[in-house]
Amino acid sequence: MYAFAVLIDQIINLYIWTLLAYLAAGWLIAFKIINPWQPIVRMIIDVLARIHEPLLRPVRRILPDFGRLMSARSSCFFWRNFCAIFCKAVLRDRLYPLAHNDHMISATKKGK
């Protein structure tokens, strides 16, 4: 069960890092730092868009358009980080409830 939790954690981390790359690429294009018409840049943006756009579309329907700020990407990035931290905490408590209690019991015994 622990190996499955680690696998899910790694998948979430990979997704968060690619979302951060998509966010940074959008900002770099918006501020004309990189040229979006270069073939390699277009290919990278296309791959990142195919990964993230299905999850960004519902967010864009809810949030207003702020132009260059790209609020949908930013809010998804922060939301995914929050979910990852929350899931780690829940899985840790679910997988190791006895270990946590034993640690607390041993800590109270040391105090006596």
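The values are calculated or read from the model by the stated rules, or taken from the named source; none is laboratory data. Keep in mind it's a predicted model, so treat the numbers as computed, not measured. Because the Cβ atoms are built from the backbone with ideal geometry, glycine has one as well, and the counts that use them run over all protein chains shown.
You will find that of 19, 23, 55, 14, the residue that is modelled with pLDDT of 90 or more, within 14 Å of the chain's Cα centre (by Cα) and of a type outside the set (Gly, Ala, Ser) is 14 and no other.
Answer yes or no as to whether residue 29 is of a type in the set (Val, Ile, Thr), at negative phi, in a helix (DSSP H, G or I) and under 13 Å from the mean Cα position of the chain (by Cα). Walk me through it before giving the result.
Details: of a type in the set (Val, Ile, Thr): yes; at negative phi: yes; in a helix (DSSP H, G or I): yes; under 13 Å from the mean Cα position of the chain (by Cα): no.
Judged against the criteria, residue 29 is not a match.
Filtered by the rule that a residue be closer than 13 Å to residue 76 by Cβ and among the small types (Gly, Ala, Ser), region 22-42 gives a lone residue, 26.
Looking across region 58-75, the residues that are at pLDDT 75 or above and touching a helix residue (DSSP H, G or I) at 6+ places or on another chain (Cβ under 6 Å) come down to 59, 60. The single residue among 47, 41 that is loosely packed, with under 14 Cβ neighbours inside 10 Å, β-branched (Val, Ile, Thr), modelled with pLDDT of 80 or more and part of a helix (DSSP H, G or I) turns out to be 47.
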